[in-house]
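Trainee: Structure provided below as structure tokens; questions to follow.
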Amino acid sequence: MSDRMAPQIDLPDHIPLFPLPGALLLPRARLPLHIFEPRYLCMVDDVLKTQDRLIGMIQPLPGDKGSAGPLHRIGCAGRLTGLSETEDGRYMITLLGISRFRIASESEGFTPYRRAEASWEGFDADRGPEEHDPGLERARFMTLLEKFFDQRGLSTDWDSLRDADDEMLINSLSMLCPFSPEDRQALLEAPSLVTRRETLVALIEYGLRGGDDEGMMQ
């Protein structure tokens, strides 16, 4: 099986921003979204007219409830790869993670949604082949994960998880597990798959700590 790679596209200087607390998109992963606010319906319409079809997923800083407040500096741009429209005009879209970015500055303009000048420096690995984690002890990791899911009353397809490649396993769990927005931001900003796995394990262990300290991975 060949390594998965994000589509090679020319990364634009400016991208539209979609501030959404708790939403995590990672390179080469897919994120389904339900779009219903008029400004973001407009954003999708505008994005469909561009060659790159990129939307910058970004999280608001903690404590701010509005979409006009301050944002984290690092997000992940996703290419719009799927869209369906409901009878009442809402959009169901899918984004494919292309690359993380850093907000250089927000753009002035007349769009109802926010836009930013994006810096792509430091995220070259996002546009390369999928990453591997040679330090992943899969059996111990899955045992820890089963305890966490059992504690939280969660269910999943365990056979698919056990068979998943390193990157798909770690990134899918990072996106799907019930972590706080700040925890998700830490997973996004992890510089490599190895550090993301280490962060993920630390978060799972923290969730388990009150019930089973002996389940900690060393």
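Trainee: Let me see the P(r) profile for region 27-97: every Cα-Cα distance counted, bins of 10 Å, each bin given as a percent of all pairs.
Mentor: 18, 47, 31, 3
Trainee: Sticking with this one: How about region 3-93: which trypsin sites (Lys or Arg not before Pro) there are in a DSSP loop, with at most 15 other Cβ atoms within 10 Å of their Cβ? Before the final figure, lay out the partial values.
Mentor: Numbers: sites: Arg4, Arg28, Arg30, Arg39, Lys49, Arg53, Lys65, Arg73, Arg79, Arg90; in loops: Arg4, Arg28, Lys49, Arg53, Lys65, Arg73, Arg90.
Passing sites in region 3-93 are Arg4, Lys49, Lys65, Arg73, Arg90.
Trainee: Right, here's the next one. What percent antiparallel are the DSSP beta bridges of the chain, to the nearest 5? Walk me through the numbers on the way to the answer.
Mentor: On the way: 30 of 33 bridges.
Within the chain, antiparallel bridges account for around 90 percent of the total.
Trainee: Set Lys and Arg Cβ to +1 and Asp and Glu Cβ to -1, take the dipole of the chain about its Cα centre, and tell me which of Pro38, Gly75, Ala116 lies farthest positive.
Mentor: Final value for the positive-end residue is Pro38.
Trainee: Work out, step by step, the length gained on full extension between Glu85 and Asp157: first 0.36 nm times the residue separation, then minus their alpha carbon distance; give nm to one decimal. Walk me through the intermediate numbers first.
Mentor: Numbers: separation 72, 0.36 × 72 = 25.92 nm, distance 2.90 nm.
Working it through step by step, the gained length comes to 23.0 nm.
Trainee: On full extension of the chain, what length is gained from Leu61 through Leu136, given 0.36 nm per residue of separation minus the C-alpha to C-alpha distance?
Mentor: Details: separation 75, 0.36 × 75 = 27.00 nm, distance 3.14 nm.
Extra length available between Leu61 and Leu136 comes to 23.9 nm.
Trainee: Provide the FRET efficiency to the nearest 0.05 for the Asp10-Met92 pair, computing r from the beta carbons and using R0 = 35 Å.
Mentor: Details: r = 27 Å, r/R0 = 0.78.
The pair Asp10/Met92 has a calculated efficiency of 0.80.
Trainee: So for the chain, taking the charge dipole from beta-carbon charges (+1 Lys/Arg, -1 Asp/Glu), which of Leu136, Ser160, Gly89 sits furthest toward the positive end?
Mentor: Gly89
Trainee: Here is a further query. What FRET efficiency do you get for Glu106 and Cys42 if R0 is 22 Å and r is their Cβ-Cβ distance, rounded to the nearest 0.05? Could you put the intermediate results ahead of the total?
Mentor: Numbers: r = 17 Å, r/R0 = 0.79.
FRET efficiency, Glu106 to Cys42: 0.80.
Trainee: Could you work out how far apart the two model spin labels at Glu117 and Ala68 are, taking each label as a point 7 Å from the Cα in the direction of the beta carbon, and quote it in nm?
Mentor: Placing both labels 7 Å beyond Cα along the Cβ direction yields 2.4 nm.
Trainee: Turning to a different aspect of this structure: Semi-axes of the equivalent ellipsoid for the chain, please: Cα gyration tensor eigenvalues, times 5, square-rooted, ordered largest first, whole Å.
Mentor: On the way: eigenvalues 194, 71, 59 Å².
Here the semi-axes work out to 31, 19, 17 Å.
Trainee: Could you check the spin-label model distance between Thr143 and Lys49? Points 7 Å from the Cα along Cα→Cβ, value in nm.
Mentor: 5.8
Trainee: Can you give the convex hull volume per residue for the Cα atoms of region 138-212, as a whole number of Å³? Intermediate values should be presented prior to the final figure.
Mentor: On the way: hull volume 6.2 nm³, N = 75.
For region 138-212, the hull spanned by Cα atoms encloses 83 Å³ per residue.
Values quoted throughout were computed directly from the atomic coordinates according to the rules given, and no laboratory measurement underlies them. None of these values were measured; they are calculated from a predicted model. We place every Cβ from the backbone using ideal geometry, glycine too, and count neighbours over all the protein chains shown.
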